[in-house]
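The values are calculated or read from the model by the stated rules, or taken from the named source; none is laboratory data. Owing to the predicted nature of the structure, the values given are computational and were not obtained by experimental measurement. When we count neighbours, we look across all protein chains shown, and the Cβ atoms used for this are built from the backbone with ideal geometry, even at glycine.
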Amino acid sequence: MSRFYDLASLAKPLVTAPLALAFLELDADRRWALGFHDREAPLTVRQLLSHGSGLPPWRPFTGEPVPRQLRRPVPEHPLLRDAAPGLATYSDLNYRLLADLLEGETGVPFAKLGGASGLGPAPWPNPPVGVPDGPDARAWTLATERPLPGRDERLPHDCNARAGMRGHAGFGATAPQLRAALARWVAAGWPDRMAVDTTEGEPGTRWGLGLQVAFAGGGRFGQLLSGLPPGIGPHVLEDPAGDTPARAPDLEEDPGPASGWWFHLGYTGPALFYRPSDRSCIALLLHRRGPDGALLDAESLRARRWALLTSFVGQSSG
């Protein structure tokens, strides 16, 4: 039986962004519809998709409207900081608001809308590979007195997703299920519509409408993937998740030129890569639990992804 994986933030490009592109006007001002009555600048779907809205990276999902929640001061924590001024700042809140707009526009629950992707919305009949809580669990306790949402093997690992926050996570898949969903995703042209209109982000990032540019500088995934021949995929690569592999190459300070690939990462481990020039598509299915059961740190997770892609590139390049 195929292993089942919590796709975490891959729900953003595979579920929420296609729905937003299908049902929502990109440049209409949505300030009033979303309750941002004190905001001076327009708030558009294009900004939400590209993380250019100016919203902070994260807040706990308590059911409180985002504008009201943002008026409340929070302690220092990397997830609770403000957005970088003038730069796209990756934020789960952008996709929470997209889900709100989609439900309002269509009158259909988000989980039902998302089911058209071919991916499975939580709660799942088959539990995914378990991953320990991440930094969001600590940020939750700092930002609200409401109890941390209880863990359940059939609910997402992400604290906000298992609390009920839609749009940013909450879908899972087996490798065959993901491969079929990717084939439909590519054939429908969704990633081609996402890999455009880039917005400058925080240092070393550049965003389109749901995917970000993979640069070709040293130690970056774009450098590794640039050697692949055309017409790859969609391929889904599963990591056997044995011992943590050797460290990935160090990231050079200069991100280098755009590689032609675009990508998205999920905090639980999975990753997605797309090349518009030939519609090549690769997804990684792996989990973030180390051999000792602890959550892998960012560098160890990058090493695992790097090793999986290195093996695939070597096989595909002859």
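Details
- First in the stretch 290-302 and closer than 13 Å to D239 by Cβ, second anywhere and among the basic types (K, R) and modelled with pLDDT under 95, Cβ under 6 Å, 6 or more apart: L296/R288; L301/R288
- Residue in the stretch 283-302 that is within 23 Å of E200 (Cβ to Cβ) and either more than 18 Å from the chain's Cα centre (by Cα) or not in a helix (DSSP H, G or I) (or both) present: no
- Within the stretch 207-258, the set of residues being surrounded by 15 or more Cβ atoms within 10 Å (Cβ to Cβ), assigned to a strand (DSSP E or B) and aliphatic (A, V, I, L, M) comprises V213, A214, V236, L237.
- Only residues that are among the charged types (D, E, K, R) and at pLDDT 95 or above were counted across the stretch 268-298, and they come to 3.
- Any pair with Cβ under 9 angstrom, 6 or more apart, that starts in the stretch 126-139 at a residue that is farther than 10 Å from C159 by Cα and ends at one that is part of a helix (DSSP H, G or I) and among the aliphatic types (A, V, I, L, M): V131/A8
- Leading residue by the ranking (nearest to G266 (Cα to Cα)) among those in the stretch 140-163 that are surrounded by fewer than 22 Cβ atoms within 10 Å (Cβ to Cβ) and small (G, A, S): A163
- Unmet criterion (only one of (1) in contact with a His (Cβ under 6 Å, 6 or more places away or on another chain); (2) part of a loop (DSSP other than H, G, I, E, B)) for N94: (2)
- Index of the failed condition, Y274 passing every other in (1) over 18 Å from V313 (Cα atoms); (2) surrounded by 15 or more Cβ atoms within 10 Å (Cβ to Cβ); (3) under 18 Å from the mean Cα position of the chain (by Cα): (1)
- A137 vs. criteria modelled with pLDDT of 95 or more and over 17 Å from Q69 (Cβ atoms): yes
Table: residues versus (1) among the charged types (D, E, K, R); (2) closer than 24 Å to G86 by Cβ; (3) assigned to a helix (DSSP H, G or I); (4) not assigned by TED's automatic domain parsing to the domain that holds A195.
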{"residue": "P18", "(1), (2), (3), (4)": "no, no, yes, yes"}
{"residue": "R30", "(1), (2), (3), (4)": "yes, yes, no, yes"}
{"residue": "A41", "(1), (2), (3), (4)": "no, yes, no, yes"}
{"residue": "R46", "(1), (2), (3), (4)": "yes, yes, yes, yes"}
{"residue": "S53", "(1), (2), (3), (4)": "no, yes, no, yes"}
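- Count - residues of the stretch 186-233 that are closer than 21 Å to T16 by Cα and charged (D, E, K, R): 4
- Any hit, the stretch 23-33, residues being under 18 Å from the mean Cα position of the chain (by Cα) and farther than 26 Å from L155 by Cβ: no
- Among (1) in a loop (DSSP other than H, G, I, E, B); (2) in the same structural domain as P257 (by TED's automatic domain parsing); (3) not hydroxyl-bearing (S, T, Y) - the single one A183 does not satisfy: (1)
- Selection count where residues are crowded, with 18+ Cβ neighbours inside 10 Å and either polar (S, T, N, Q) or part of a helix (DSSP H, G or I) (or both), scope the stretch 109-126: 4
- Qualifying residue in the stretch 127-139 (condition: in the same structural domain as V15 (by TED's automatic domain parsing), in a loop (DSSP other than H, G, I, E, B), touching a Pro at 6+ places or on another chain (Cβ under 9 Å) and not β-branched (V, I, T)): yes
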